[in-house]
Structures are given as C-alpha cells and as structure tokens.
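Notes for the one structure printed next.
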Number of protein chains: 2
Amino acid sequence: MSHPQRAVLLLSGGMDSTTLLWWMKDQGIAEIHTVAIDYGQRHKIELKSSRTLSKQAGAQSHRVLTLNLQQIGGNPLTDQALSIPAAADKQQINTVVPYRNLLFVTLAAAWAEQESIQHLYLSPVQDDYKAYRDCRRAFYDALETALSLGGPHDTTVHIHTPFVEKWKSEVVQIGLSLQVPYQHTHTCYEGIRPACGRCDACVERLDAFHRNNAVDPLEYEK
Amino acid sequence: MSHPQRAVLLLSGGMDSTTLLWWMKDQGIAEIHTVAIDYGQRHKIELKSSRTLSKQAGAQSHRVLTLNLQQIGGNPLTDQALSIPAAADKQQINTVVPYRNLLFVTLAAAWAEQESIQHLYLSPVQDDYKAYRDCRRAFYDALETALSLGGPHDTTVHIHTPFVEKWKSEVVQIGLSLQVPYQHTHTCYEGIRPACGRCDACVERLDAFHRNNAVDPLEYEK
C-alpha cells in the first residue's frame, strides 16, 4: 500500500503512538502533523512527552487541542477524587471514558480538514480491545464512513490504523528496531515519574518489553 | 414505530430542536433529558433559550456541555473577528464548523451512556443539507454504527432524526399545531434581540413561517 504525502497523527506521547510516528517516518511520509489532546487527564505529563517527541522526530507541526472530558464524569483518569485501579484489581473497564477515541479522532479530523489533510493515523493495538471496544477496525471503518459523509466537502477521509492487529509486544519490537526513544514516552496513568509500575498501563508496558527480552529505559518506583 | 421511555435530545434552543422537543412530548416519551452545547458560539443567547424551553416543556433534566470549537478556527460563528455573511451573499458554507454535529452528538452520547440511555434525538432538516453534508440519514446511520461499535458496553445506540426528510416549513407546521412557544426560541447567527433578519438563519426562519401563512412571534430589527 502506498502512503500519503501529508498526514495527521494523534500522538499521545505514549509507547504506541510514538512508535507509529517513527514507523511513519520510516515509511517515507514527508509531512507529519502531530496532534495531542488535553482532555483533563491527570497524567498531563504525557502532553509534554508528546511535544518533545514530535520535535525529536522532526514533525512538520504539533498542535494541542483541548476537550473537557471531566464534564462527562465518573472516571479516574480525569477525576482526582477517584483512584487509579491497580492492574491486579482487573478494573481496566473503569478507566474507559465513553467515546474518548471517537471524540479525539473527530477533533483531529476537524483540524486536519482545515489543513486540507485527509489522512489520519492512530495507534490502537490489539491488547487494548479487551477494555476498549473501539480498538478494532470495524469501529474505525464506521467512523471513516461518518467522517467522509459528514465533512464539509465531498471527500474521503482515511483512518490508518497499521497496528490494530498487532500486540503491544510486537509494536515494541518494531520500535526497538527503529530506535524509538522510549525514555521520553509516558505511559503511567498516575502521571508520575518515576512511573508507578502498578497501574494497568505500566504493567502492560513492562510486559511488552519483557516479551522482547528488552529493558524499559524508564525509571519505576521502588 | 414505538418510542423509547427515556431519551436524550440535543436542544440548541432554535426552532427545529424545540419543535422536536414538543413533538417528543406529544409522542409520549416519558423521560426527556435535554443537552445543549456551549461551543463558543457568538449567539450564546441560544443557550439561555435552550434552558428556558427545556424547563417549559417539563424535561427531566437539562445539561450544558462545553466544547471548544474556536481552537479549530476560521469560522464566523465562533470568531468575533469574522463577520456573519448575509443570506443574500450565498456564503452559508462559510458558517460550517467541520464535524460540529459529529462532535455534538458524540458528546451527548457520552453523557447519555453515563445515564444508561441509548436513544438520542436530533433535528436535522432537509433544508440544512445544502450547506451541511451531515444533515442526511446516511451520515447518521454511519455514526450510529460507530457509536454502537465503539461504546463501552455491547449495546445499540439509536439516533432518531424524525425531521430529516422534512423541510423547515413542514417542521414549523408541526410546531404551530403543537403550540410550540416560538417566541422563546433563538435563531439569529448574530446572537441579537431583536434578530437581524438578514443572516441565513433568520431568512430561512422567516420563510418557513411565511410558507405557513403564519407570523413569526419574534421581533426583528427595523
């Protein structure tokens, strides 16, 4: 499959989207515009990671869009009064903000539209699907149709999800081969450095490195 | 077709969504939750109309959700530096904020999800389609699929658009028969009272009343 010359990437500053950024460069996409979303996440530190990594990769531009998800409520990722569940508690479903991805992608698409860009890149991975039902291609196909039918001009919007069938450990494998600077990515839901090492996000990240017999360059508590 | 017992309505405070609210009551929907979106519109007065009309209709609850569309930029509905085109200028396309409806519906769906409500009501009408490509059922079908596939639980989300095949004049006809208090609705893009009577929104509204041989109870400039 050929690649577009101009694309927008949703870059959270985490492992998967950062790997995707390096992968896009490797595929020869000339003009990459990165977008991060400030949605009131307590791990706001990832916004800093996102900006740093965009610059480091030589992206064409970086944009932070804001979206108030706290007003939807009831989620520990945005509500300081609730505590982040430990991975061992099997509560990942509780960190789901309804339609978070749909809102993020659509905001990025609105911005891309203003820049006359029709190609969006996102990094859902297969591991995410167990807690996030939208991390599957069927969902993105439907959204692609909605974006194409609902945009201000008669055009086709493409949502590229090259990692959607891959496990996080495979993504890390790709990233290691592309020398992704994982020390600058942020994963921990608690939003702390050193990372907590106990939340779902940390546990999955550590596992992905472990499966590659690699050492995560991040520092962890204890 | 039978109607749900509980539903969320996107109520802008304009003519179409207000008529829909009265229509829903008439259809016997017991519990109607209204949602308005503060997106930085210069006609913020419509938010007041929305709250007033929700109360007047005896809706179960009213909620204002915020969404910053100014950050997407370049639109006279949200940018005070740009002027609202007069209807005579045939510039309605310039008042299109990319994916505004998609974002509004998804935000309302996220809130509805938290309330365990799967039925959303919206009021696109046929006249809107010439400038807003998302005011057609094919778009809402795709979005319904995306919302159903992408929600936190395995459920079907229904987007009801009972007026999508109707012209604005037909909607006003329904509203007049249901005694909708049109004097409390707001339409003018300039956000002023008396209304300007020149912008696209005003001109369409006046025409819809005219076609019903009815008098718009709103006051207009001059």
Checklist entry - Taking a label point 7 Å from Cα toward Cβ, how far is B:Q71 from its twins in the other copies, in nm, shortest first? => result 1.3
Checklist entry - What Kirkwood hydrodynamic radius do you get for the stretch A:176-222 when you take the inverse of the mean 1/r over all pairs of distinct Cα atoms, in Å? => result 10.9 Å
Next on the checklist: Between helix A:45-57 and chain A, what is the angle of the helix's C-alpha long axis to the longest principal axis, kept within 0 to 90° and rounded to the nearest 10?
Outcome noted: 50 degrees
Checklist entry - Within straight cross-link reach of B:K166, meaning Cα distance under 20 Å, which lysines are found once same-chain residues fewer than 8 apart are removed? => result B:K25, B:K130
Checklist entry - Do the sum for chain B: with -39,500 (n - 2.57) for every DSSP H run of n ≥ 4, divided by all residues, what is the mean residue ellipticity at 222 nm, to the nearest 500 deg cm²/dmol? => result -11000 deg cm²/dmol
Checklist entry - In nm, one decimal, shortest first: how far is the label point of B:S2 (7 Å from Cα along Cα to beta carbon) from the matching points in the other copies? => result 5.4
Next on the checklist: How are the alpha carbon pair distances in chain A distributed across 5 Å bins from zero to the largest one, expressed in percent?
Outcome noted: 1, 7, 15, 19, 22, 18, 11, 5, 2, 0, 0, 0
Checklist entry - Over all pairs of distinct alpha carbons, what does the Kirkwood formula give as the hydrodynamic radius of the protein assembly as shown, in Å? => result 23.1 Å
Item to check | Size of electric dipole in the stretch A:6-211: Cβ of Lys, Arg +1 and of Asp, Glu -1, about Cα centre, debye, nearest 20 | outcome: 480 debye
Checklist entry - Given B:C196, B:Q5, A:P181, which one lies farthest toward the positive end of the charge dipole of the protein assembly as shown, if we put +1 on the Cβ of every Lys and Arg and -1 on the Cβ of every Asp and Glu? => result B:C196
Checklist entry - If amide H atoms are built 1.01 Å from N in the plane of the peptide, which residues on other chains or at least 5 residues away come under 5 Å of the amide H of A:Y121? => result A:V8, A:L9, A:L10, A:H160
Next on the checklist: If you average the C-alpha positions of the stretch B:164-216 and of the stretch A:199-222 separately, how far apart do those two centres end up, in angstrom?
Outcome noted: 60 Å
Item to check | Residue-averaged beta-carbon neighbours from other chains (10 angstrom radius) around B:108-118 | outcome: 3
Item to check | the protein assembly as shown: antiparallel DSSP beta bridges as a percent of all, rounded to 5 | outcome: 5 percent
Checklist outcome for this item: So, with points 7 Å from each Cα along the Cβ direction, the A:Q126-B:L176 label distance in nm works out to 6.2 nm
Item to check | Computed lengthening from A:E219 to A:D38, 0.36 nm per intervening residue step minus Cα-Cα distance | outcome: 62.7 nm
Item to check | Of every Cα-Cα pair in the stretch A:98-222, the percent that sits beyond 20 Å | outcome: 53 percent
Item to check | Vicinal HN-Hα couplings computed from phi for the stretch A:30-42 (Karplus, 6.51 cos²θ - 1.76 cosθ + 1.60; Hz; Gly/Pro x) | outcome: 6, 10, 10, 9, 9, 10, 10, 10, 8, 10, x, 5, 6
Checklist outcome for this item: In degrees rounded to 10, the 0-90 angle between helix B:100-114 Cα long axis and the longest Cα principal axis of chain B is 40 degrees
Item to check | Rounded tilt (10° steps) of B:137-150 against the dominant C-alpha axis of chain B | outcome: 40 degrees
Checklist entry - B:Q27 label points, 7 Å along Cα→Cβ, one per copy: pairwise distances from this copy to the rest in nm, shortest first? => result 4.2
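We did not get these values from a lab; they are worked out from the coordinates using the rules stated. Please read these numbers as outputs of a predicted model, since none were measured by experiment. We place every Cβ from the backbone using ideal geometry, glycine too, and count neighbours over all the protein chains shown.
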